[in-house]
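Take a look at the structure below.
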Amino acid sequence: MERRARVALLRRTLVAMAGAAMLAAAAGTLRAETLVTLDAALARSFPGARIERCVLALTPADLKRVEQRAHARCEARLVTAYVAWRGDTLAGVAYTDRRVVRTREAVLLVSIAPDTTISRIDVLAFFEPPDYLPPARWLDRIAGHRDPAALGAGRDIPPIAGATLTSQAVTESARLALAWHRLVLEQGLAKPHAPRAAPEAEASRGGHAPGKAPGSR
């Protein structure tokens, strides 16, 4: 009986240890997958700015131009631009892109400065093993580029050692963001809104004095 009790206790201990290991692995995977929220990344890219969300529906002609400029396939038909303003001054525009790296996806936020250069890239989520996550110093090397043709892994941007597919995925996202941004600028979607007229001016255009109804004396 004593031997059976010991065996049962050993089994329960092994099961508990295996369960703890699985929970720890799941927690580590979750941390690796979700790295930063969209709001937090936008706040880092454009501190103190007002963010306006703008959705661009790509026509077949738009899609062709984007792919020609980016030298990459564009799966998205709806592109969301996060336009940042400080007052009526454009602080920049950011774009999200979701793409497969090896067999699983990554979600990136590519921020573009008012001078149309890439200002930074944030990895919002990464579902591949952490070993394939692009280092921050490597991402910083993409900042300052505005020409999609120069943003090929192995050209101006060296590939990540041991993570060539990650390099290709990130540089493709950067090239697509630059192509989307050019389209947004061409369509005037990043222009400040016309200021709303003051009540006095509206009343003057209406042909009556402020504070008086039309026709009153």
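Annotations
- Loop-located trypsin sites (Lys or Arg not before Pro) in segment 70-128 whose Cβ has at most 13 other Cβ within 10 Å (DSSP): Arg73, Arg77, Arg104
- Under 5 Å, built H, 5+ apart or other chain: amide partners of Gly92: Ala84
- Applying 1/(1 + (r/R0)^6) with R0 = 30 Å to the Cβ-Cβ distance of Thr89 and Asp156 gives a FRET efficiency near 0.50.
- The largest-to-smallest principal axis extents of the Cα set in segment 34-186 are 44, 35, 26 Å.
Laboratory data are not the source of any read-out in this text; all were calculated from the coordinates shown. In this text the structure is predicted, and so the values were computed from the model without any measurement. Backbone-built Cβ (ideal geometry, glycine too); neighbour counts: all protein chains shown.
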